[in-house]
Amino acid sequence: TTNSFTTASTRTMAFDTAHEDMIHDAQLDYYGRRLGTCSSDRTIKPFDVTGDRQVYKTDLRGHEGPVWRVAWAHPSFGSILASCSYDRMVFLWKETAENVWNKIHNHTQHTSSVNSIAWAPHELGLSLATASSDGSFAVLTHQPEDTWAVDSVLDAHKIGCNAVSWAPAVPPASTQDSAQHVRLSRRLVTGGCDHLVKIWKNDGDKWVLEQDLQEVHSDWVRDVAWAPN
């Protein structure tokens, strides 16, 4: 299956990923030097994409259904790639040596397809949000003892939750000089099969609904994205 992406010089390039079924997502890492792809063939493929060259690295296998999304963590946490699938699971993969990838965590608490994943701004630590057809979203946060804490909102959207996106951690009005005095914001937005877009905030020990954007859409909300600033 062929995949295309746009380089920094805005040239569109296409190459054969060797996926055996439909490609559902393709994401560049923070530096734009690595590309992660995922497919209905149940595999994730990382590539090096420096210049005009696309170098296949390996197949990451383990999902038992179509893989919908991939997402790269901020490089300050290492080379970590998250994936989510119809099989209800979220996998976290880490490159521990050159082209040696290990599955470092497997989130299995969703009861239906996991449709969307998004890493939090790096200022908030290593945290991943997930959205599922079971109507819930969850936030997985890495702990000092190398475990993962999970905070879930089980009834976020009726019928199903399709998408999730984080708000910037630092308010746009903050300047570099005053940034150290600014309280970091933990907020995210979700979209669902109930036609709704919902904004959530973390009040310290749980996620609470901050705003419900009603009567905006008349059908499923397939995706959401927060402006970066």
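The values are calculated or read from the model by the stated rules, or taken from the named source; none is laboratory data. What you see is a predicted model, and the numbers here were worked out from it, not measured in a lab. Note: ideal-geometry Cβ built from the backbone for every residue, glycine included; neighbour counts use all protein chains shown. Only protein heavy atoms, including side chains, enter the accessible area calculation; ligands, DNA and RNA are left aside. Shrake-Rupley method; radii C 1.70, N 1.55, O 1.52, S 1.80 Å.
Evaluate the stretch 111-127: report whether one residue or more is free of Cβ contacts under 8 Å to residues at least 24 places away in the same chain, hydroxyl-bearing (Ser, Thr, Tyr) and open to solvent by 30 Å² or more (accessible area, probe 1.4 Å). Before the answer, list the steps.
Applying the first criterion (free of Cβ contacts under 8 Å to residues at least 24 places away in the same chain) to the stretch 111-127 yields 111, 125, 127.
With hydroxyl-bearing (Ser, Thr, Tyr) added as a condition, the list becomes 111, 127.
Add one more test, that the residue is open to solvent by 30 Å² or more (accessible area, probe 1.4 Å), and what stays is 111.
Yes, the conditions are met somewhere in the stretch 111-127.
For the stretch 1-23, which residues satisfy the criterion of being among the aromatic types (Phe, Trp, Tyr) and modelled with pLDDT of 75 or more? Show your work before the answer.
Here is the first cut: in the stretch 1-23, the ones among the aromatic types (Phe, Trp, Tyr) are 5, 15.
Result: 15, single match.
Which one is least open to solvent (accessible area, probe 1.4 Å) among residues in the stretch 78-88 that are in a loop (DSSP other than H, G, I, E, B) and out of contact with any Pro (no Cβ under 9 Å at 6 or more places or on another chain)?
Looking only at the stretch 78-88, we keep the residues that are in a loop (DSSP other than H, G, I, E, B), and these are 78-79, 86-88.
Then keep just the ones that are out of contact with any Pro (no Cβ under 9 Å at 6 or more places or on another chain); that gives 78, 88.
Working: 78: 29, 88: 116 Å².
Ranking the qualifying residues of the stretch 78-88, first place goes to 78.
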Worksheet, complete the sentence: Over the stretch 30-59, the set of residues in contact (Cβ under 8 Å) with a residue 40 or more places away in the chain, more than 25 Å from residue 161 (Cβ to Cβ) and open to solvent by less than 30 Å² (accessible area, probe 1.4 Å) is 46, 49
Fill in: Index of the failed condition, residue 146 passing every other in (1) touching a Gly at 6+ places or on another chain (Cβ under 8 Å); (2) free of Cβ contacts under 8 Å to residues at least 24 places away in the same chain
(1)
Discussion item. Residue under question is residue 115, and the condition is that it be touching a Lys or Arg at 6+ places or on another chain (Cβ under 7 Å), in a strand (DSSP E or B) and of a type outside the set (Lys, Arg); does it hold?
Written reply: no
Item to complete: Specify the residue that is surrounded by the most Cβ atoms within 10 Å (Cβ to Cβ); the eligible residues are those in the stretch 60-77 that are among the aliphatic types (A, V, I, L, M) and part of a strand (DSSP E or B).
Response: 67
Item to complete: Return only the number of the condition from (1) surrounded by 15 or more Cβ atoms within 10 Å (Cβ to Cβ); (2) touching a Phe, Trp or Tyr at 6+ places or on another chain (Cβ under 7 Å) that residue 138 does not satisfy.
Response: (2)
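How many residues, within the stretch 33-54, are part of a strand (DSSP E or B) and either farther than 17 Å from residue 80 by Cα or not polar (S, T, N, Q) (or both)?
Initially, the stretch 33-54 is screened for residues part of a strand (DSSP E or B), giving 34-39, 44-48.
Now narrow it down to the ones that are either farther than 17 Å from residue 80 by Cα or not polar (S, T, N, Q) (or both): 34-36, 38-39, 44-48.
Residues meeting the conditions: 10.
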Response to the item:
The lone condition residue 106 fails out of (1) open to solvent by 60 Å² or more (accessible area, probe 1.4 Å); (2) within 25 Å of residue 121 (Cβ to Cβ); (3) touching a Pro at 6+ places or on another chain (Cβ under 8 Å) is (3)
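Taking strands (runs of 3 or more DSSP E) that fall entirely within the stretch 130-229, which contain at least 3 residues that are more than 23 Å from residue 90 (Cα to Cα)? So that I can check it myself, show each step before the final result.
Numbers: elements: 137-142, 148-153, 161-166, 187-192, 197-202, 207-213.
Output list reads 207-213.
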Discussion item. Checking the structure you have, find out if any residue of the stretch 41-54 is modelled with pLDDT under 95 and either within 16 Å of the chain's Cα centre (by Cα) or of a type in the set (Gly, Ala, Ser) (or both).
Written reply: yes
Fill in: Condition check for residue 91: assigned to a strand (DSSP E or B) and more than 30 Å from residue 11 (Cα to Cα)
yes
